[in-house]
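First up is the structure itself, then whatever we jot down about it.
Please treat every number below as a calculation from the coordinates, not as lab data. Everything quoted here is computed from the prediction, not taken from an experiment. Glycine gets a Cβ as well: all are built from the backbone with ideal geometry, and neighbour counts include every protein chain shown.
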2 protein chains.
Amino acid sequence: MYQTVRGMRDFLPEDMRKRKYVFSVMEEVFQRYGFEPMETPAVESFELLAAKGGGGEAIKDEIYYFKDKSGRELGLRFDLTVPTSRVVASKPELVKPFKRYCIDKVWRYDRPQAGRYREFTQADIDIFGSPSVMADFEVIQCSIDVFKALGFKEFKIKVNNKKILEALILAAGIPKEKTLDAFRSIDKLDKIGWDGVKEELEQREVPNAEKLMELIEENRIKEEFKAFDIGKEGAEEIDELFSIAKAMGIDNYLELDLSIVRGLEYYTGLVFEIKAGGKWSCGGGGRYDNMIELYGGRKTPATGISYGVERVIQLMEEQGLFPELKKTEVYVAPVNKDVRVEALKIATQLRSSGFCVETDVMERNLRKQFEYVNAKGIRYCVIVGPKELKDGEVTVRDMVSGKERKVKIEELANSIKIGSE
Amino acid sequence: MYQTVRGMRDFLPEDMRKRKYVFSVMEEVFQRYGFEPMETPAVESFELLAAKGGGGEAIKDEIYYFKDKSGRELGLRFDLTVPTSRVVASKPELVKPFKRYCIDKVWRYDRPQAGRYREFTQADIDIFGSPSVMADFEVIQCSIDVFKALGFKEFKIKVNNKKILEALILAAGIPKEKTLDAFRSIDKLDKIGWDGVKEELEQREVPNAEKLMELIEENRIKEEFKAFDIGKEGAEEIDELFSIAKAMGIDNYLELDLSIVRGLEYYTGLVFEIKAGGKWSCGGGGRYDNMIELYGGRKTPATGISYGVERVIQLMEEQGLFPELKKTEVYVAPVNKDVRVEALKIATQLRSSGFCVETDVMERNLRKQFEYVNAKGIRYCVIVGPKELKDGEVTVRDMVSGKERKVKIEELANSIKIGSE
């Protein structure tokens, strides 16, 4: 028997209905903010995937990398931001702000583990062209609306600023060449805790680790950070973001968290992370003002956020946030082959009235058809028999109550509508 | 500057809106018939892709084939039927009929040419578990509804039967071992014409080529075909299909075409091809009763159809079938930074009323904002100025007529609704 490729999954209808619900809720909110859909190919040149701002040469071990028959080095995209940045870099004519959304699959050659897959879905919104905190705020406001629309009651957008982090490192008296080492260790706080981070900092020979961790744990933008130009800038951006949020009455969703690092080379200013329950973040993003230029485009400020769809769905399941999702509502059952075309006509008529309708495509007897209707959880069964047909009638059976009633065919659509209330 | 991979494309918002419209129209029809969504990974084991009923070893040259870091042979799926058949084969517990739809990308390492890409989208519906012509009919009826819903006025579903073709080959007196050669040549009729096919048949040393071509050109199910068991079966299936279609009043969409071959090893009975204008078919399918068993599953009859989304979209563009598609309707323009939060509040209020709304995230002056609004073709601009705000008012500008009027903020949503009529 053939299997799925290791670390990848099939989505059967029950799962897909949930996924499609989540996608459509997200899309509706994105569109309300004027984000427009865009898609890029699954396959990109390895050169792009490895470009600075993207993954670097080391990415080869972490992605699906291959050559085509002409020897071109290719790979499956590992995120949606890199390909989108390629498009923005190569199309300076795009009207700014360029606001796009994308919900699509990405691939990473990670070690498969619980809740982590090699093929997974990201939902991204990004704004290209604006250096203003107004753009960062819009990305956050839209995200809050998305999580509200999905039904989450408690969630937080954690906020930090790369510039503050840099100033914090300076304030701790850590030499510049140890900055990346320090960031990498702090980034693991969620996974390995304070003690783990401390140990790592010492292993990486980052001096003043204690001081650094104190400043992060204190979780305040201290005056000493603002002594550095970069810290002053960062503090002003955070102030501006929180004050807009406050004026808009949504600052309760925001939370300063100086331990948020995210993408080491990638982000240049404000960074965000969404927590909606559970240990893991279910999305994050921030400002990446250098990327388009690194890809050969004009200098173009950019900010955006990416939601991990699988994690969002998992949390929604845990928190019981899925409504009842639309599926087949009516099954039209011919009692024998002689009336199958009549059954088809009735099914067709009900479909025209907007119902989701199935009929017998198996030529099964009524008992077998009922079994199917029950197995599929279809609410109404319209039984089409030759005797009733002569009177222009059919029998409607409510599969939940088991009650049956005779209905004139021309009144069927209305009758079921009423019945379902 | 980085490029897309050869033969692949980006879909910018203008294209994506069209694509999403087509997807949503298709999905709505699929769901009305009780087809359920399902998705499988982009990457499959090469073993599956090359399995009999799929592509065979030779497929390696036609797909994206690669090995992962553990040496596993993998490939990108070249269609949606093979992965779905894998699922059905490995899950005998799926309730039958199992009716699924899938709209997703597939990849082929074809030579790129006009209108042909290495990444493209298929939309598939399939019914697993039913040997009945009723299932084939449902697939056809649903397809007719899809093409009607997309706005096509003239289209045909061409119908043939693999069994009739086999009988026809026998009737022409062509030896069994030349059957595949004969099929392969006929299959090219669209591309190379009758003369080309004749030439090919002679090159492949298929005897009685003239007779074969006469029978196909005659395009009738002749009594002599029915002399063979297989021909009799095939003729009965075609009769049944056309008579159901006639009873349902949609036989005008069907057309017998004995030159339709499709998938050589793949199909086992009725085959379909959709023509909706232009030279190329924009979809096709048929019955493939052996595939699930070939993949190690229980014998499970199957029938389905696949639409080529890119071709459908191209034809819709040629025929002007796209309606105006929803995009940003209102832009809220703060006249200066002091009123930007007020503008944000008004934008938020309009979004709550269901409008797609943008506001200034660039901190631009009013003239620049108008340029943006015009460039994006946004209909209404709500101008937020400090003086009007004092009176609880804003100015609404209809960007088409250029007319402006003052509106109370609390009446804004209703006012724009009325204005857009």
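A few comments on the model shown:
- Nearest-first distances (nm) between copies at B:N219, label 7 Å from Cα via Cβ: 7.5
- Among A:E28, A:E404, A:E138: highest mean-square fluctuation, GNM of chain A, C-alpha pairs under 10 Å: A:E404
- Proximal aspartates and glutamates relative to A:K387, as straight alpha-carbon distance under 13 Å, when same-chain residues fewer than 8 apart are discounted: A:D338, A:E342
- Spin-label model distance (nm) - B:D229 vs A:D195, 7 Å beyond Cα toward Cβ: 7.7
- Residue-by-residue Karplus 3J(HN,Hα) for segment B:216-227, coefficients 6.51, -1.76, 1.60, Hz, glycine and proline x: 5, 5, 4, 6, 10, 8, 7, 4, 5, 5, 6, 5
- Alpha-carbon centroids, segment B:316-357 and segment B:276-309: separation in whole Å: 43
- Three principal axis lengths of segment A:272-388 [C-alpha, angstrom, descending]: 75, 36, 23
- Considering only trypsin sites (Lys or Arg not before Pro) in DSSP loops that have at most 11 other Cβ atoms within 10 Å, the longest stretch of chain B without any of them is B:70-152.
- Of all chain B residues, the closest to the B-onto-A rotation axis by Cβ, with that distance in whole Å, is B:F66, 2.
- Residues with amide H under 5 Å from that of B:F66, placed H, sequence gap 5 or more: B:L74, B:G75
- Using just its DSSP H runs of length 4 or more, each adding -39500 (n - 2.57), chain B gives a mean residue ellipticity at 222 nm of -12000 deg cm²/dmol after division by all residues.
- Peptide B:39-52 has a mean of 5 when you count, residue by residue, the C-beta atoms of other protein chains within 10 Å of its C-beta.
- Distances between equivalent label points of B:A58 across the copies, with each point positioned 7 Å along Cα→Cβ, amount to 4.6 nm, shortest listed first.
- Distances between copies at A:K69, taken between label points 7 Å from Cα along the C-beta direction, are 2.9 nm in increasing order.
- Inter-chain Cβ neighbour average for residues B:26-37, partner chain, 10 Å: 6
- Euclidean distance between Cα centres, segment B:169-245 to segment A:1-42, Å: 43
- Net length gained if the chain between B:E202 and B:E47 were fully extended (0.36 nm per residue, minus Cα distance): 52.3 nm
- With the gyration tensor restricted to C-alpha atoms of segment B:13-318, the semi-axes of the equivalent ellipsoid amount to 29, 24, 21 Å, longest first.
- Residue pairs, from the table B:K162/B:K211; A:K20/B:K326; A:K162/A:K191; A:K153/A:K279; B:K20/B:K96; A:K148/B:K326, whose Cα atoms sit over 27 Å apart: B:K20/B:K96
- Using a Förster distance of 60 Å, the FRET efficiency for A:D251-B:K67 (Cβ separation, nearest 0.05): 0.70
- Proximal charge balance of A:E255 [Cβ under 9 Å; K/R count +1, D/E count -1]: +2
- Size descriptors for segment A:104-181: radius of gyration and Dmax over Cα atoms are 17.6, 46 Å.
- For the protein assembly as shown, Kirkwood radius (reciprocal of mean inverse C-alpha pair distance, Å): 30.0
- Within segment B:35-129, the GluC sites (Glu not before Pro) that combine a DSSP coil assignment with at most 14 other C-beta atoms in a 10 angstrom radius are B:E93.
- Counting only DSSP beta bridges whose two residues both lie in chain B, roughly 80 percent are antiparallel.
- Counting only aspartates and glutamates at least 8 places from B:K376 when in the same chain, those with an alpha carbon closer than 16 Å to its own are A:E36, A:E93, B:E14, B:D15, B:E324, B:E329, B:E358, B:D360, B:D398.
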